Amino acid sequence: MGKKEKLTEQKVGLAHLRSEQQNLDRTNEHSDQRRDSLAARLRAGDRTAAAELVDLYYERIYLFMRRLGHSRQVSEDLTQESFLNAWGHIGQLRDGKALNSWLYRIAGNVSRLYWRRHRGREAASIEGIEVADGSSKTEGDKAGHNEQLEQLKNVVTQLPIKLRQAVVLHYMQQLTITEAAEAAGIRKGTFKSRLNRALKALRKHVM
């Protein structure tokens, strides 16, 4: 390929990357606008907005509860309780950007109260750690990988609730460090410290 053709190919590649980034920016902007609109309607007491909030977040909050170690039935009950509490504390919602951390903070408090009322109850097997595609692995590699994931699930449920919550919020619910720290009601530095402690415990038991 000549120099001119290479230059043309590079320009096409850069144009494609710029286009992809613009599409991503538009998607994020639309998502931000939707959250801002939803937050404003919620603060205004719009019940259709409350129904939209449930549609948008029910599965996420249910999985959050499951990943914290609650059983299926308890997770359903606590998810419903979380949305009822959210509706009762609409005044605390600042804006659309705070929607994620605000709702997860409410759900986290609901979960903590449950564990406090049921001290000594063992956590259920968690969901949410997907087995990676092992098509390039041998059968022996796959078996070892799956066994390691099962060990990881067991260890996560054995972590103290604060460390478990840090892992779930950031790595499973995919909140940013800032969002996850706000959801946990602590400073970013404290959250990072919890996350590091949790990861050290996980590595010790899985490796």
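The values are calculated or read from the model by the stated rules, or taken from the named source; none is laboratory data. Only a predicted model underlies this, so the values are computations on that prediction, with no experimental measurement involved. Don't worry about glycine lacking a Cβ; one is built from the backbone with ideal geometry, like all the others, and counts go over all protein chains shown.
Residues considered: 60, 66. Of these, the only one that is in contact with a Lys or Arg (Cβ under 9 Å, 6 or more places away or on another chain), within 25 Å of residue 118 (Cβ to Cβ) and at pLDDT 90 or above is 66.
Sort through 44, 123, 51, 107 and tell me the only one that's surrounded by 12 or more Cβ atoms within 10 Å (Cβ to Cβ) and modelled with pLDDT under 95. That would be 123, the only listed residue that is surrounded by 12 or more Cβ atoms within 10 Å (Cβ to Cβ) and modelled with pLDDT under 95.
Within region 159-172, none of the residues are part of a loop (DSSP other than H, G, I, E, B) and under 19 Å from residue 98 (Cα atoms). When the residues of region 182-195 are filtered to those that are in contact (Cβ under 8 Å) with a residue 40 or more places away in the chain and among the aliphatic types (A, V, I, L, M), the one that is surrounded by the fewest Cβ atoms within 10 Å (Cβ to Cβ) is 184.
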